[in-house]
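Notes follow once the structure below has been shown.
Since every read-out is calculated from the coordinates, none of them should be taken as a lab result. Note that the structure is a prediction, hence the values are computed from the model and not measured. So basically every Cβ, Gly included, is an ideal-geometry build from the backbone, and we count neighbours across all protein chains shown.
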Amino acid sequence: MIATTNGHAAPSLNDATPRDPFNNNCYGTNVDRGYKLVSLPVLDVTDFNERIIRGYEEGYGEKELPADLSVARSLIPAGTASLRDFSNIAPEIPEYIPSNCTGCMDCVTECPDTAILGKVLSESEWAEKMKTIPEADREMYAAQWSKTKKYYDAGKKKVGEGGMFQIIIDPSKCKGCAECVTVCDDDALKMVVKTDEFMLQTRKSHRYFKNIGPSNEKYISDSLLIDMMLKEQTMIYTGGAGSCAGCGEGTALRMLCAATALKYNDDWGIIAATGCNTVYTSTYPYNPYLVPWSNSLFENAPTYAVGVRMRWDQMGWGKKPLWCIGGDGAMFDIGFQALSRMFASGMNVKVFVLDTQVYSNTGGQASTSTYMGQNTKMSVHGKEVGGKQERRKEIAQIAMMHPRTYVAQTTCAHINHFYKSVLGALEFDGPAIVCCYTTCQPEHGVADNMAGEQARLAVDTRAFPLLIYDPRAGDTIRKRLSLQGNPNVKGDWFVEPKTNKEVTFIDFARSEGRFAKHFDKDGNPSVTLLAANQDRLENWHVLQELAGLR
Amino acid sequence: MAQLVASFDFTPGTRDAALEFLKRTRWELRSLRKVFVFRDKLQIFDINGDYFEVRGVGYPDADIVPLLKAVNTAFDPATIHDPIAASFKEFATGRRYTWAQDRVM
């Protein structure tokens with residue numbers, strides 16, 4: 001029992017409590033873990049979590065907590081978002097249908113909130129673990145495991161014993177966006193209403209999932225990058241961040257953290273530029289990161305990162321990766337000079353851009369990344385002017401023209417391309433930038449479950465081409481630049497095989513609310529949108545030319 | 001598993017009744033995800049794959065346009081009636097208003 005500021009003794013927030021009887025809100029993702037302690041004179045992690053987090057969880061934090069050194073400095077320990085409970089924010093939650101599951105891991109990878117988790121055990125381990133489940137719940141819990149071809153049949157050949165696979169939903173972190181249901185091609189997930197009975201079963205199942213230990217790594221293939229999230233070490237971005245339901249940025253940050261942790265565990269850090277990403281990952285007192293993280297201003301994150309890099313190098317930490325994260329506003333616009341200067345330094349700083357093509361955090365103002373014709377708060381579609389009139393700036397092409405800089409443009413919907421882009425940036429000994437298309441549901445005008453589908457459509461319609469530019473790949477631009485992953489890479493537009501029709505930027509625009517005003521009642525696109533379509537084609541031609549395909 | 005939730009048999013002159021059907025029974029599906037438009041029927045799917053079916057109207061028919069608009073389909077009215085080799089056309093239904101559309105824009 002721990003004494004709290006309001007004078008009552010209470011169990012640790014990392015243990016079961018009367019409010020959280022199955023301890024769903026606790027540290028550790030696939031398995032339980034203790035608080036991540038640090039040795040700092042100004043931050044007592046246990047005191048922070050038990051006293052300050054409790055104050056906010058119980059609703060008296062802002063009014064009653066004294067402005068002592070911990071509170072006044074706004075320091076937040078690692079992973080405190082684990083203790084946050086989102087159980088009551090959505091009316092629906094996914095239900096897993098094990099008989100349909102193939103173990104593809106798409107749902108686990110694409111969840112923006114680390115709320116859907118996977119585990120694989122050998123059949124004999126599984127049988128032993130099931131004996132530890134209370135008898136009354138054993139049948140219910142055992143029925144949630146599946147014998148997939150990927151882990152069971154292939155496991156027999158590879159490991160000598162079939163692997164049992166389970167997907168579980170963390171009811172305390174799920175925001176009900178249904179992205180997992182959308183990416184599942186096998187009807188293995190569906191949204192159901194949160195009844196008391198179903199939530200009780202979900203809470204118990206999540207607890208048993210954490211109790212039975214980690215996955216058996218013999219079943220995790222190093223060559224299948226999508227399996228990396230079966231390893232606890234990759235769970236650096238915990239659930240509990242304050243992002244919108246279905247946020248494309250959340251998925252991108254999770255995947256970035258997983259890929260980096262796959263190679264470096266938690267021995268790396270993040271400098272973040274102000275934007276949505278800093279708001280939902282540091283809404284006091286909640287922090288989803290299990291690595292050191294700092295935020296300065298909108299305009300100077302790359303400069304800040306250069307300073308940290310220099311200090312780390314002085315300390316002999318030259319091999320420790322440092323990611324600098326920002327949105328398109330921070331990297332294309334306000335921090336562009338700092339970004340360019342960092343590239344020119346040749347320093348080992350990796351930049352990750354969450355490209356929503358708009359200032360999402362401040363309500364949707366146009367950035368230089370915004371598409372021509374897009375309706376935003378600073379380029380409002382009216383009678384005289386139809387949305388943004390300028391062309392979109394291409395950060396990838398600009399970055400490629402800096403000396404010896406690794407550049408990638410990718411999306412979370414192209415999972416292998418994403419992981420290869422990030423791992424390539426980490427392997428590269430010098431500056432790197434990975435620009436990721438991230439769907440912003442409120443600003444793009446799409447449903448909560450659409451992050452992946454819209455990212456894929458952005459690539460298919462040349463709105464956002466995939467690319468990797470690796471200076472190590474050759475002595476000419478065409479050797480360094482790969483457009484692999486784009487459809488119909490030698491042609492102008494992708495041709496939909498079902499209809500035999502070209503899929504253009506107009507089709508992409510038709511699917512999003514941000515371009516809705518460009519279509520008349522008969523569905524005809526405006527002159528501005530036709531110009532935007534031409535702009536996207538011309539941009540694609542430039543890339544084709546640089547890659548030697550034109 | 002995905003299942004047919006409700007259906008409507010379309011005949012000439014029942015366009016308004018079909019629109020009424022989509023409006024009145026909409027709550028029986030969850031968030032809409034996509035539509036399949038065949039030559040002679042329309043299927044409207046939610047995120048779980050459950051669906052409505054409107055039989056007797058398809059992409060060659062003029063009446064398909066208001067039905068598709070009623071469920072917020074991202075389609076091109078200029079090409080919707082064009083014949084195709086495949087058995088159906090697929091469109092997304094995930095377009096929404098942007099944030100503050102009603103106040104600022």
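Observations, loosely collected:
- Per-residue average of Cβ from other chains inside 10 Å of A:509-521: 4
- A:Asp185/B:Phe36 FRET efficiency (R0 22 Å; Cβ-Cβ; nearest 0.05): 0.85
- On Cα atoms only, tilt of A:527-546 relative to the major axis of chain A in degrees: 90
- Cα-based reach from A:Lys263 at 18 Å (exclusive), listing aspartates and glutamates while leaving out same-chain residues under 8 positions away: A:Glu217, A:Asp222, A:Asp227, A:Glu232, A:Glu427, A:Asp429
- Magnitude of the charge dipole, chain B, Cβ model with Lys/Arg +1 and Asp/Glu -1, debye to 20: 360
- Scaled against 2.2 N^0.38 Å for its residue count N, the alpha carbon radius of gyration of chain A is 0.98.
- Amide hydrogen proximity for A:Met164: with H placed 1.01 Å from N in the peptide plane, the residues at 5 or more positions away or on another chain lying under 5 Å are A:Leu121, A:Ser122, A:Glu123.
- In order through segment A:109-121: 3J(HN,Hα) via Karplus (6.51 cos²θ - 1.76 cosθ + 1.60), integer Hz, x for Gly, Pro: 5, 8, 4, x, 10, 6, 9, 10, 10, x, 8, 10, 9
- For segment A:326-365 versus segment A:398-416, the gap between their alpha-carbon centres in whole angstrom: 13
- Built amide H within the under 5 Å cut-off of A:Val446, gap 5+: A:Gly513, B:Arg96
- Semi-axes of the equivalent ellipsoid for segment A:2-83, computed as √(5λ) from the eigenvalues of its C-alpha gyration tensor and ordered from largest down, come to 20, 17, 10 Å.
- DSSP-defined beta bridges in the protein assembly as shown - what % are antiparallel, rounded to 5: 60
- Cβ-derived FRET efficiency at R0 45 Å, A:Leu530 paired with A:Tyr264, nearest 0.05: 0.45
- Extension gain from A:Lys319 to A:Phe198, taking 0.36 nm per residue of separation minus the Cα-Cα distance: 38.8 nm
- Helix-only [θ]222 nm of the protein assembly as shown, DSSP H runs n ≥ 4, -39500 (n - 2.57) each, per residue, nearest 500: -8000 deg cm²/dmol
- Sites A:Ala67 and A:Lys36 - FRET efficiency at Förster radius 22 Å, r taken between beta-carbons, to 0.05: 0.35
- Once the Cα gyration tensor of segment B:4-92 is diagonalised, semi-axes √(5λ) in Å: 19, 15, 11
- Take each residue of peptide A:490-503, count the partner chain Cβ atoms within 10 Å of its Cβ, and average: the result is 2.
- Spatially, segment A:10-30 and segment A:164-206 are offset by 19 Å when compared through their Cα centroids.
- Remark: segment A:93-100, residue by residue, has Karplus-estimated 3J(HN,Hα) of 8, x, 10, 8, 10, x, 5, 9 Hz, where x stands for each Gly or Pro and the curve is 6.51 cos²θ - 1.76 cosθ + 1.60 at θ = phi - 60°.
- Once the Cα-Cα distance is subtracted from the 0.36 nm per residue extended length, the A:Arg19 to A:Asp153 segment shows a gain of 44.1 nm.
- Rounded tilt (10° steps) of A:451-460 against the dominant C-alpha axis of chain A: 30
- For segment B:4-92, lysine pairs separated by 8 or more sequence positions, or belonging to different chains, with Cα-Cα distances below 14 Å total 4.
- For B:Lys34, the residues 5 or more places off, or on other chains, whose built amide H falls under 5 Å of its own are B:Phe45, B:Thr93.
- Lys/Arg +1, Asp/Glu -1 at C-beta; the protein assembly as shown dipole; positive extreme among A:Pro18, A:Ser74, A:Met255: A:Met255
- Restricting the GluC sites (Glu not before Pro) of segment A:353-460 to loop positions (DSSP other than H, G, I, E, B) with no more than 10 neighbouring Cβ atoms within 10 Å leaves A:Glu384.
- Peptide B:46-55, shielding by other chains (average Cβ, 10 Å cutoff): 3
- Applying the Karplus relation 6.51 cos²θ - 1.76 cosθ + 1.60 with θ = phi - 60° to segment A:199-213 yields 3J(HN,Hα) values of 5, 4, 4, 5, 5, 5, 4, 4, 5, 5, 4, 6, 5, 7, x Hz, where x marks Gly and Pro.
- Segment B:44-74-segment A:58-111 distance, computed between alpha-carbon centres (Å): 38
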